[in-house]
1. Between ARG315, ARG339, which is touching a Gly at 6+ places or on another chain (Cβ under 6 Å), buried (at least 24 other Cβ atoms within 10 Å of the Cβ) and not aliphatic (A, V, I, L, M)?
2. Which pairs have Cβ atoms under 8 Å, sit 6 or more apart or on different chains, and link a residue in the stretch 243-267 that is under 15 Å from SER194 (Cα atoms) and aromatic (Phe, Trp, Tyr) to one that is part of a strand (DSSP E or B) and at pLDDT below 95?
3. Filter the stretch 139-172 down to the residues that are open to solvent by 10 Å² or more (accessible area, probe 1.4 Å) and either touching a residue at least 12 places away in the same chain (Cβ under 8 Å) or part of a strand (DSSP E or B) (or both) and list them by number.
4. Return a yes/no flag: does the stretch 352-362 have any residue that is among the aromatic types (Phe, Trp, Tyr), under 20 Å from VAL451 (Cβ atoms), in a loop (DSSP other than H, G, I, E, B) and at pLDDT 95 or above.
5. Does the stretch 438-455 hold any residues that are outside any strand (DSSP E or B) and touching a helix residue (DSSP H, G or I) at 6+ places or on another chain (Cβ under 7 Å), and which are they?
6. Which ones in the stretch 257-276 are outside any strand (DSSP E or B) and more than 14 Å from VAL346 (Cα to Cα)?
7. Could you check LEU134 against (1) surrounded by 15 or more Cβ atoms within 10 Å (Cβ to Cβ); (2) of a type outside the set (Asp, Glu); (3) modelled with pLDDT under 95 and say which number it fails?
Amino acid sequence: MSEQRPELTRTDPDDISSNPSDNRPFGSVLDARLSRRGALRGGTAAAAGFVLLGGPANGTATARPVAAAPPTGGGHHRELLGFRQVDTHDEDVLTVPEGYCTQVLIPWGTPIQPGGPRWRKDASNTAADQARQLGMNHDGMHFFPLGKGRHASSRRGLLVLNHEYVDQQLLFPDGEEDMTPEKVAKALAAHGVSIVEIECGADGRWHTVRSRLARKVTGSTPVTFSGPVAEQHPELRARNRPMGTLNNCSMGVTPWGTYLTCEENFNSYFGTEDPDWRPNAVERRYGINSEGFGYGWHRASERFDIAVNPKEANRFGWVVEIDPKDPAAVPVKRTALGRIKHEGCVTTVSRGRIVGYTGDDQDGDYVYKFVGDRPWRDHLDRGRSPLDHGTLYVARFDDDGTGTWLPLVFGRGPLTRRNGWRDQADVLLRTRMAADALGATPMDRPEWLAVHPKSRDVYVSLTNGSGRGGAANPRQPNPYGHIVRWREHGGDNTATRFEWEVFVLAGDPAHDDRVELGDNMFGSPDGLWFDPDGRLWIQTDVSNSSQNLPEKGYENIGNNAMLAADPDTGEIRRFLVGPRGCEITGVVTTPDQRTMFVNVQHPGEETPAWGTPTPENPRAVSNWPDHDPEGRPRSATVVIWREDGGKVGAP
């Protein structure tokens with residue numbers, strides 16, 4: 001997730017905790033484990049079960065278990081990583097290993113349908129144009145194959161991707177000043193989800209094709225609500241009809257073939273000029289204030305004026321289900337999964353039941369799990385959604401390396417009428433506050449989660465933390481982040497107990513001697529994804545307020561990158577480095593694993609290391625991918641394949 005902000009001189013919004021609880025933070029849990037088990041090389045990471053070791057001559061890094069653990073894949077270990085890592089750099093280029101090829105596909109402004117409105121490099125496309133073009137700032141993504149047979153299904157399919165937010169300096173010809181209704185409409189059209197049909201041609205290059213399935217779901221698309229917080233709920237009654245999905249970050253995919261887009265920093269769009277307005281307790285807990293992140297939409301649209309239209313904010317912060325193969329299907333906000341700043345919703349199936357894991361991406365917030373109440377096929381057979389029926393839990397991590405999933409259920413524990421809770425809908429509308437009451441463990445900005453395809457172990461990236469306000473961190477502060485993994489009791493993902501450990505502590509050993517990642521150092525892990533063979537792909541999101549800066553400890557780490565890890569051995573290698581000002585986010589392969597899609601988000605965004613884009617010079621930081629002297633940087637999907645036709649990342 002990108003920390004969006006009006007000025008880099010401000011503190012990054014995600015680094016400001018809105019958690020007022022005195023729940024015990026993860027950092028103190030790690031400290032307790034350290035004192036119980038003794039100090040080993042690698043500091044708190046070793047205390048949690050892993051020693052961080054320097055890499056071998058090729059620059060790879062390992063995170064090796066202190067005590068022998070069974071391989072996650074089971075049986076004889078098969079080597080997973082088969083490429084020579086790339087070096088860090090701070091150039092305005094994208095690099096991949098030797099023997100790999102790349103193609104830039106569907107950058108911001110590409111028509112959803114061939115023949116649609118063409119991209120204008122001066123950003124003069126209208127709101128109506130933008131509604132028929134790829135949105136801005138590509139993020140979570142999935143490939144839904146369309147062809148029959150393994151080979152055919154890897155050459156044609158639907159690519160479905162999120163558009164997290166907009167950079168208004170680049171979106172409009174005159175920048176972000178003088179907000180107007182037309183600008184708000186264009187910004188809304190650049191948000192949401194794009195569904196495009198793509199095909200690999202005879203020349204090996206991918207392109208969009210005309211399709212009845214291609215469409216946009218934007219900030220203005222009609223939506224509906226399902227689950228305990230029904231559409232007619234009083235807290236959802238705003239002045240306008242229910243519409244739109246915003247700040248769509250990571251995602252998930254269901255076993256029945258739908259796409260889950262996740263609403264994160266929805267608070268960023270609301271504000272007011274009313275001098276008498278003050279946020280109530282719920283609004284404060286969700287970070288709503290009079291300025292938002294500086295978009296200024298409330299000055300041109302009362303929909304986003306929190307004083308005039310306060311219930312509109314309650315319509316965001318949900319997981320939204322989209323059926324990519326049914327253009328007539330209305331997107332549904334599945335309220336049983338709670339209202340938080342969802343970074344994603346990765347799913348797995350255990351005992352026939354759907355299980356969804358999601359992180360609340362803000363400093364000092366929590367990790368959640370939804371467990372269906374019966375096999376998901378039973379619900380579909382009855383014409384019901386499996387995502388409307390189940391229990392939402394929040395995680396507590398304990399000193400002894402165990403953890404507990406705490407149920408967010410009205411009438412249980414502190415969530416009673418006597419304590420001010422009205423019903424289950426109230427618990428879900430105020431999910432953060434319910435989790436506070438249960439004593440959940442505050443974490444260091446929990447971002448993407450991933451479930452190992454064989455062992456079903458769960459990994460979460462904790463991108464970084466301020467060390468303030470109950471932040472979850474093994475360091476005070478924790479500018480580089482880390483990755484935690486756990487195994488549910490008995491290998492059953494529906495269980496309410498688990499055992500956890502730190503998989504890797506990120507950082508630069510020049511600034512933290514507890515980190516021994518060798519030449520393959522990285523910081524601020526964000527995106528996580530397992531391919532079918534069990535390679536863990538790790539994507540980084542070093543904030544532009546820190547990227548390449550010595551005073552932030554990031555001068556050696558370079559631009560944001562993607563790495564691959566072997567979960568059994570802990571070996572990690574850097575696979576890709578992006579252009580200036582970007583983050584790397586969103587990754588998936590075709591079913592045969594011979595084509596990979598990766599998103600490059602917000603290249604050229606404002607950064608003190610390189611400059612500030614302006615309407616006069618939008619190329620101040622980056623001009624990727626077009627490198628047009630009269631153009632501007634554009635988020636895009638990159639296609640990656642091996643010259644020899646083998647599986648991406650494999651030996």
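The values are calculated or read from the model by the stated rules, or taken from the named source; none is laboratory data. Since this is a predicted model, take the numbers as computed values, not measurements. So basically every Cβ, Gly included, is an ideal-geometry build from the backbone, and we count neighbours across all protein chains shown. These accessible areas exclude ligands, DNA and RNA; they are computed on the full protein's heavy atoms, side chains included. Shrake-Rupley method; radii C 1.70, N 1.55, O 1.52, S 1.80 Å.
1. On inspection, the qualifying residue turns out to be ARG339.
2. Listed pairs, sorted by first residue: none to list.
3. HIS142, PHE144, PRO145, LEU146, ARG150, HIS151, SER153, ARG155, ARG156, ASP167, GLN169
4. Within the stretch 352-362, none of the residues are among the aromatic types (Phe, Trp, Tyr), under 20 Å from VAL451 (Cβ atoms), in a loop (DSSP other than H, G, I, E, B) and at pLDDT 95 or above.
5. Result: THR441, PRO442, ARG445.
6. GLU264, ASN265, PHE266, ASN267, SER268, TYR269, PHE270, THR272, GLU273, ASP274, PRO275, ASP276
7. Only one criterion in (1) surrounded by 15 or more Cβ atoms within 10 Å (Cβ to Cβ); (2) of a type outside the set (Asp, Glu); (3) modelled with pLDDT under 95 is unmet by LEU134, namely (3).
This table checks each residue for (1) of a type outside the set (Gly, Ala, Ser); (2) under 13 Å from PHE397 (Cβ atoms).
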residue	(1), (2)
ALA450	no, no
SER455	no, no
THR463	yes, no
HIS489	yes, no
PHE498	yes, yes
